Each structure stands twice: as C-alpha cells, then as structure tokens.
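Inspection log for the structure reproduced underneath, given as structure tokens.
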Amino acid sequence: MKKIILLFILPVFLFSSCLEIIDDLSLNMDGSGTFKYTINLSSSKIKVNSILALDSFNGKKVPKIDEIEAKIQQFKELLKNEKGIKSVETEFNKLDFIAKIAVDFSSLDELQTGIKSVLNQLDPASKYSEDHSLWVSWDNKTLKRMIPQWVEDRIKTETQSDQELLKNGSYTCISRLPKTIQNSSNTVCKLNPAKTAAMLRVNALDLKLNPALLEHTLTLAP
Amino acid sequence: MKKCIFLYCATIHAIVFGQGAEQLIPSQAVTVFSINNTDLLQKISVDEWINYDFMEEIHQELFDGSTDNKTVKDAGLDFDQRLSLFYGKTNQFEVTGFTFGVKDENALFKVFDDFEALPSSFQGIKIYQSLFNNLLIDKTKGLLIRVEPVESYLNQMTDSLWYSRGNLSPFYAMDEDQFMEEEALEKEDARKNLLEKNYYELRDSLEFELQKKYYNEVLVSLLSQRKSLYSNDSIFRELLTHRSAGVFYMDNSRNIDRAKNLWYLKTVLPTLYLDVQELYDGNIITGDLTLHEGSVEFDLKARYSEALGSIYAEMNHAKFDANIAPFIRANQPAYFSYNINLRSAYEKAYDVLVPILSKAKDPEISFNLLLLKLGNALVNKDALFDAYKGSLFMTFNGIQKVKTRKITFFYDEQTFEYGEKETDAEEDMPIFTIGFSTKRNDLPEMILEHFSQVTSKFENKGDYWVYNKAIFDAAPVFLIQAKGMFLITNDQDLAENHRDGYGKDAMSKRAVKSLKNSGTMAGFANLQQVAQKFPSDFLDPSQQQLMEFLRNKTGSVTLRSGETTLQSTSVKLKYSFNDSEKSGKHFLDLLNTLYLLTK
C-alpha cells in the first residue's frame with residue numbers, strides 16, 4: 001500500500017522537479033458527487049525515468065512501471081467494492097507520467113471512509129482506518145477542505161530533500177458546488193464568474209512548508 | 001649475483017616487515033586493502049583520519065553507544081603496524097574484517113567493552129565475541145572478523161529444509177489474495193503469518209548454525225592449519241614488503257562473482273570450464289598507493305596466465321587514432337579513451353580458444369564451434385574490422401538543458417474545467433559523447449537510412465542524424481559521421497556546431513601526445529568539475545555521498561595504462577592537486593573515494 005501512498009501523495013513531493021496536482025471535487029445537493037485526482041509529472045520525464053531505472057531511491061525501493069500499474073488497478077478494484085462508491089475510473093499515462101483517478105460517490109463521508117479502508121487493506125500496518133480526521137466536510141451549507149494530520153506529518157517527515165525542485169510545482173484544488181458560493185475563507189481562492197466553482201492554486205514547495213495553505217471553507221449563498 | 005642479493009634482501013625485508021597482523025588475514029580473503037600506518041600517520045593526525053567514511057565503518061564495528069567520545073586512538077591500537085581491511089566470498093559464506101596491531105590490550109578492552117572472552121582451543125590465541133563480531137588477539141596482532149552465510153545459499157538451504165518437511169509456501173503467490181472474501185482473507189492472513197514466522201525462525205536457526213560452522217572452518221584453517229593469505233600467496237607476501245603508503249590485492253581467479261558468469265559452463269561442461277578457468281589462473285591484481293609532493297599515485301598491476309596474456313598483448317598492439325583528439329575539448333571535465341587492436345586480439349583469441357572448445361564433447365558447443373570456424377573462413381574480416389577498429393573515446397560534457405515535451409493543463413476561467421495540451425519543456429541532462437574509429441562510413445549510413453524508413457524518429461539532417469525522443473522518450477540523440485569517427489551524443493552543440501571537432505578549443509598537442517603514449521587506456525577527470533556538473537538527482541544515495549565528498553576537493557585524476565607483456569599489464573592512476581594540503585590527506589581522500597566507489 002505504501003506504493004499507493006507513494007504514488008498518490010508523497011513521491012510527487014519526493015522526486016519531482018516540476019509536478020502538477022489537480023484535486024477536483026464536484027458536489028450535488030444530496031452530498032453525492034465526483035472526485036477527480038490528477039498527478040502530472042510530464043515535465044520531469046527524464047528525471048522520473050532515471051529514478052525508475054534505480055533499485056532504490058532515498059532508501060526506498062523504487063517500484064517498476066508494471067508494479068505501479070498493478071497497484072493502481074488493485075486500488076481501483078478495492079475502491080469499487082466500498083460502500084457508497086458508485087464507480088471508479090483510473091488512467092495511467094506511462095509515457096508522460098500522468099495518473100488520473102475519478103470516483104463517483106454517494107456521500108463525502110463514504111468516499112473518505114472508502115479510501116481509508118482501501119489504503120488500510122493494501123497496507124494493514126498503516127492503520128489509516130483508525131484515523132478519524134477528514135479532508136473534506138459538507139453540511140449542505142458549507143464545504144470545508146483541510147489537510148488530515150497524518151498527511152501533514154508524512155509530508156513533513158518524508159519530504160526532506162528536493163526543496164529546490166519543488167519550487168516549480170503546483171497543487172490546484174477545485175471545488176464545484178450545486179449553488180452559488182457566497183464567500184471563501186481563503187483570500188487566495190478564486191471563484192468563477194458564475195460563483196459555482198472555486199479554485200485554489202498553491203506552489204508545491206509553499207504547500208510542503210505550510211500545508212495549511214490549502215485549507216479553506218466555502219459558504220453557499222442562503 | 002645481483003639476483004641473490006635481491007632475494008636475500010627481500011627475504012630479510014619480508015621477515016622484518018611481514019610479522020604484522022596481516023598474517024591473520026584468512027586464506028579465503030579475495031580482496032585486501034592494507035594501509036601502512038607508520039608512513040601515513042607521520043603525515044596526518046588520527047583525529048583527521050577517523051573522520052573519513054571508510055573509518056566510520058570501522059568505528060561502527062568497534063564502538064557502540066557505551067563508548068561515546070572514545071576514538072580509535074584510545075583503543076590501544078599499534079599504529080606502527082599495518083591496518084588491513086579484507087573481504088572474501090565463497091559459494092557458501094562471506095568473510096569480512098580487518099587486522100591491526102595491538103599496543104595496549106587493557107586500553108583495547110576499555111573501548112571494546114562489549115566483547116566477552118570465550119574459551120579458546122587455539123594455543124596462544126585469545127578469543128572474544130560481541131554479537132556477530134569476533135575479536136582474536138595473538139600477542140600483538142589483532143583480527144576483527146565476521147563470517148556470514150551467503151544470503152542466496154542460506155535461502156536455498158532454508159527452502160530445501162522447509163519444503164522437505166512437507167510445509168507449504170509461507171508467502172502469498174502473485175495476487176492470490178486479490179479476490180478473497182474478507183473473512184477468508186483474515187483467516188488466510190493469520191495462517192500465512194504463522195507459517196511465515198515459522199519459516200523465518202527456521203532460517204534464523206540455520207543462519208546461526210551455518211555461521212558457527214563456517215566461522216569455525218575459517219579459524220581452524222587460519223589458526224590450526226596456519227593457512228592464511230599471507231602463507232598461501234607469495235604475491236601477497238611480496239606486496240606487503242612494499243614501502244608504499246597503501247597496497248591493494250585482489251585475486252580475480254578466486255573472485256566468485258566473476259566465476260558466476262561461467263556458472264553454466266561449470267555446471268554443464270565441467271571439463272571445459274576447467275580449461276577456460278585455466279585462462280584466469282594467476283589473474284591477480286595488485287596495486288600500490290604512493291605519496292608524492294603534489295600527487296598521490298595508484299599503480300595497478302594485473303597478472304594473468306600466458307594464454308590470456310598472449311591475447312592481451314596482441315590487443316595492445318594498437319596505434320592511437322589521432323582522429324579522436326579534435327572531439328575532446330581542452331577544458332573537458334572528464335574523458336576516457338580506449339585503443340585496442342581488435343583484429344589482432346580476435347585472431348589470437350581464435351588461436352587460443354578454438355583448441356579449448358574443440359575438447360568439448362557437447363553437441364551444442366561443437367555446433368557453435370563449427371559456426372565460429374565457418375564465420376572465420378567466410379566472413380570478410382577486413383570489412384568487419386574496418387567497421388570497428390577497436391578505438392573509442394567517451395567524454396562527459398557537463399549538464400545542459402535539453403528540449404523535451406510536456407503535458408500541461410489549461411483551465412477555462414468560466415468553469416475551471418481543464419484540458420491537456422503538449423508544450424515545450426526543458427530539463428537538465430548530463431551530456432555524454434561516445435565515438436568509434438571506423439573506415440566504413442557507409443555502414444552506419446546504411447543502417448540509419450533503413451531505420452528512418454521504419455520510424456520517423458530518425459531524421460536525416462544532412463551532415464548528421466537525429467534520433468528524436470531517444471532518451472526516456474524525451475531527449476534526442478545525435479549520430480554524426482566525421483573524420484573517420486562515428487559519434488553518438490546527446491550534445492546538441494556538438495552536433496550543430498562542432499561536427500568537425502572543436503578546433504582551437506580542442507585538447508592541446510601536449511595532451512594529445514600524452515594520450516598517444518598512454519597505451520590502451522587513458523582518462524582524465526577534473527574532480528570538482530565532474531562533481532559540480534553532474535546532477536546528483538540521477539544518482540543513488542551512496543553515489544550522491546561520493547559526489548558530495550568530491551565537491552569539496554580540488555585536483556584531477558588521470559589514468560594511463562602502461563606496458564603489457566605476456567604476464568602482466570600495468571595501469572597508473574594519478575591524483576594531482578595544487579593546494580597546500582598534505583599528500584597524506586589527499587591519499588586518504590583518494591582512498592575514501594575508492595571506498596565509496598566500491599562499497
């Protein structure tokens with residue numbers, strides 16, 4: 001399972017000279033919706049390829065391309081079977097190193113429980129399912145985005161190197177809501193003209209140094 | 001008469017200088033690095049010495065947390081004796097350790113306080129143990145030794161015992177658990193966990209027993225039968241009489257990792273294996289590290305059998321190809337040239353190997369031999385060896401930004417929907433050039449023409465070819481034919497602007513002359529430039545450690561091969577520096593570099 005964690009969250013911080021992450025959440029009024037997550041390492045192809053040619057990097061085993069593909073497939077199959085998950089689509093462009101996942105869910109709680117459960121199945125020692133912190137919450141009026149403590153801890157402890165290289169990376173967080181957004185708690189967060197979507201874009205290095213940059217609350221108009 | 005005097009002196013010398021702790025190096029050792037402490041320590045303090053990476057290892061072996069703030073110099077070691085590090089490997093076990101002189105045994109055990117005395121069945125030898133380390137004291141000589149079974153052998157033995165007892169595999173087969181129901185999976189997990197625990201307990205027990213067995217085997221051979229590397233090998237004995245600051249020894253004929261390449265031959269055709277193995281008899285590599293004003297030199301000598309020597313001697317009958325020189329810049333961070341007479345070597349190898357292969361009664365070998373003989377009779381050797389004559393060079397040209405393509409996402413400002421588009425990108429890449437001498441420019445051209453018809457990635461640019469997206473499906477490689485050379489490079493500047501060489505920026509006539517006089521191999525590296533220009537991100541942590549170490553060093557390394565005879569060939573590695581540091585310090589720098597390279 002560490003490979004999945006490595007794949008989706010950490011390695012991009014570990015060995016990317018320029019990475020792009022898009023975290024895109026669309027919500028319906030009943031709490032159902034679609035979650036899309038994209039990691040783009042295409043501008044670091046040479047570097048990623050050279051790392052993939054190694055057996056280990058920074059003391060960690062480097063997975064082979066087919067192992068990464070197999071893990072993505074396994075993640076997809078397991079997530080599909082979780083309660084409240086309607087469909088899961090994955091895509092891995094191994095030439096350009098772009099990984100995408102799209103999940104249709106019935107509720108945000110079920111999405112988060114499902115993901116934690118799958119992570120736990122793939123790595124029982126991780127005990128993610130015992131972690132009750134959320135990274136998204138929704139109460140029909142407000143949408144709250146935050147960084148779970150375990151992710152914050154791991155980013156801080158496992159991404160000591162490559163600070164310089166993270167400077168060109170970005171993390172884009174998009175939220176699409178079923179009604180007009182009245183305001184955002186984060187001034188950096190941009191609303192679209194129709195005020196139905198919000199986009200927060202943060203530099204990868206800044207995010208590593210201060211994960212709270214990504215936190216924001218969107219309040220719907222009454 | 002002169003010979004008699006020399007032999008007499010050498011014997012006296014061996015007796016005087018050969019009574020050191022290196023007599024305790026086991027006969028199974030294949031590689032030894034021995035430092036002449038007296039010579040070295042006159043030039044450098046122990047405090048500086050113990051800061052090196054290679055001493056760190058020894059430190060860790062000897063000192064644990066309870067001996068904080070104590071150093072090697074507190075350990076009662078006799079620095080008038082050599083310190084020798086050794087390593088050896090058989091099919092069953094590995095032996096590592098080092099020998100040293102003992103000056104003050106009490107001080108030694110104040111530092112080595114984790115070692116417990118054990119009863120010794122070897123006369124005059126005190127034996128101590130701490131976990132896997134074993135310390136043996138023979139009066140003023142000390143040996144720290146660790147013997148461990150080879151992991152693959154241990155696994156093989158464990159599996160053999162495990163399955164012979166009727167056990168099932170303790171591990172999941174590929175995706176065996178993928179579609180199991182949760183309850184079944186939990187039960188299977190518990191069962192596998194128990195099996196795995198039992199398997200590893202068996203493996204641990206076996207490891208312990210094998211360790212005892214092989215440790216005892218080494219000690220009996222060394223202390224009862226008095227068979228050591230020193231007593232067994234006259235070349236090693238002679239090497240230790242050298243007054244150089246350090247000596248290096250490797251018996252390649254007993255190098256098990258090299259022998260692995262011949263495993264098929266050994267298993268399937270044991271008689272033929274012995275014949276081929278004969279070629280490697282006496283293949284011993286020795287080296288001397290000597291300190292000079294402004295430089296440290298490493299003189300390496302490879303000895304081999306006469307049969308192998310006859311091939312090498314023919315191979316070295318080669319003239320330096322002057323066409324190489326224009327493609328090496330005067331300020332090149334690093335370059336290497338290799339110059340052999342491939343045709344002479346082929347013909348001699350044919351003469352040597354055909355009689356050996358003819359002895360084989362195996363139909364497959366016999367058929368291959370027939371093909372070899374037919375090839376020899378029918379192939380146009382003039383054309384073949386004109387295509388590749390045997391001269392090549394390689395250069396490291398630092399790093400350059402190379403053009404690649406990347407996918408970026410663009411956003412619709414109205415909806416924040418996004419899509420992909422391909423754009424130009426730049427990435428850092430180490431730039432290398434490799435060039436071969438050839439008289440047959442028509443052959444590469446013919447091959448490239450063919451490839452360009454098969455794939456559009458090959459592009460004819462008139463005077464040169466580009467193989468687009470050749471490296472990691474991102475960066476191009478350039479293929480150039482010029483001045484009797486065929487060049488392969490990822491250096492766009494060379495392809496576009498210097499296809500006929502670097503002109504006045506090429507290496508000086510003096511440097512070219514030095515290359516010509518260097519024999520088969522020559523090389524140069526500006527340590528700091530290489531370390532600073534080579535992107536560390538491409539390296540694994542141990543290589544990064546080496547680069548980090550080199551970044552703070554000034555100086556250059558040159559490699560020159562020397563005379564090749566039927567019995568031996570020599571290579572000289574020279575580390576030159578022009579700062580005020582003492583040569584002893586640079587010696588340790590070089591030693592540390594070699595250590596980091598080989599660890």
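Residue-by-condition table, conditions (1) modelled with pLDDT under 90; (2) in a helix (DSSP H, G or I):
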residue	(1), (2)
A:ASP109	no, yes
A:LEU119	yes, yes
A:ALA125	yes, yes
A:ILE155	yes, yes
A:ASN168	yes, no
A:CYS173	no, no
A:GLN182	no, no
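Take B:GLU445 and tell me if it is away from chain A (no Cβ under 14 Å) and at pLDDT 90 or above.
no
Would you point out which residue out of B:LEU194, B:LEU219, B:LEU185, B:LEU210 is of a type outside the set (Asp, Glu) and closer than 14 Å to B:ILE145 by Cα?
Only one candidate qualifies: B:LEU219.
Considering only residues that are at pLDDT 85 or above and either within 14 Å of B:GLY142 (Cβ to Cβ) or in contact with a Phe, Trp or Tyr (Cβ under 9 Å, 6 or more places away or on another chain) (or both), which ones fall in segment B:99-119?
Those that are at pLDDT 85 or above and either within 14 Å of B:GLY142 (Cβ to Cβ) or in contact with a Phe, Trp or Tyr (Cβ under 9 Å, 6 or more places away or on another chain) (or both): B:THR99, B:PHE100, B:GLY101, B:VAL102, B:LYS103, B:ASP104, B:GLU105, B:ASN106, B:GLU116, B:ALA117, B:LEU118.
Are any residues in segment B:191-213 without any contact (Cβ under 8 Å) to a residue 40 or more places away in the chain and over 33 Å from the mean Cα position of the chain (by Cα), and if so, which ones? Please lay out each step first, then the result.
Taking segment B:191-213 as the starting set, the residues that turn out to be without any contact (Cβ under 8 Å) to a residue 40 or more places away in the chain are B:191-198, B:200-201, B:204-205, B:208-209, B:212-213.
B:ARG191, B:LYS192, B:ASN193, B:LEU194, B:LEU195, B:GLU196, B:LYS197, B:ASN198, B:GLU201, B:SER205, listed by residue number.
Condition (residue is at the interface with chain B (Cβ under 10 Å from one of its Cβ atoms), touching a strand residue (DSSP E or B) at 6+ places or on another chain (Cβ under 6 Å) and assigned to a helix (DSSP H, G or I)) applied to segment A:28-43: is it met by at least one residue?
Yes - at least one qualifying residue is present in segment A:28-43.
Go through segment A:167-218 and give me each residue that's more than 24 Å from A:THR34 (Cβ to Cβ), within 14 Å of another protein chain (Cβ to nearest Cβ) and buried (at least 20 other Cβ atoms within 10 Å of the Cβ).
A:GLY169
When both residues are 6+ apart or on different chains and their Cβ atoms are under 6 Å apart, which pairs have a first residue that lies in segment B:494-517 and is loosely packed, with under 15 Cβ neighbours inside 10 Å, and a second that is of a type in the set (Lys, Arg)?
B:ASP505/B:ARG329
Given the conditions (1) under 24 Å from A:HIS132 (Cα atoms); (2) more than 14 Å from chain B (Cβ to nearest Cβ); (3) modelled with pLDDT under 90, report the number of the one that A:VAL12 does not fulfil.
(1)
How many residues does segment A:185-219 hold that are under 17 Å from B:THR415 (Cα atoms) and touching a strand residue (DSSP E or B) at 6+ places or on another chain (Cβ under 7 Å)? Please lay out each step first, then the result.
Residues of segment A:185-219 under 17 Å from B:THR415 (Cα atoms): A:189-201, A:218.
From the residues that got through so far, the ones that are touching a strand residue (DSSP E or B) at 6+ places or on another chain (Cβ under 7 Å) too are A:189-191, A:195-201, A:218.
Qualifying residue count, segment A:185-219: 11.
Just to be sure before I move on: is B:ILE431 buried (at least 18 other Cβ atoms within 10 Å of the Cβ) and more than 9 Å from every other protein chain (Cβ to nearest Cβ) in the structure I sent?
Working: buried (at least 18 other Cβ atoms within 10 Å of the Cβ): yes; more than 9 Å from every other protein chain (Cβ to nearest Cβ): yes.
Yes.
Anything in segment B:317-331 that is outside any helix (DSSP H, G or I), modelled with pLDDT of 90 or more and crowded, with 20+ Cβ neighbours inside 10 Å? List them, or say none.
Result: B:ILE328, single match.
Among the listed residues B:ILE471, B:ILE447, B:ILE431, B:ILE480, identify the single one that is aliphatic (A, V, I, L, M) and touching a Gly at 6+ places or on another chain (Cβ under 7 Å).
B:ILE431
Name the residue that is farthest from the other protein chains (Cβ to nearest Cβ), counting only residues in segment B:402-416 that are surrounded by 14 or more Cβ atoms within 10 Å (Cβ to Cβ) and assigned to a loop (DSSP other than H, G, I, E, B).
My answer is B:THR415.
The values are calculated or read from the model by the stated rules, or taken from the named source; none is laboratory data. Fair warning: this is a prediction, and the values are worked out from it, not measured in the lab. Cβ coordinates were reconstructed from backbone atoms using ideal geometry, including for glycine residues, and neighbour counts include every protein chain displayed.
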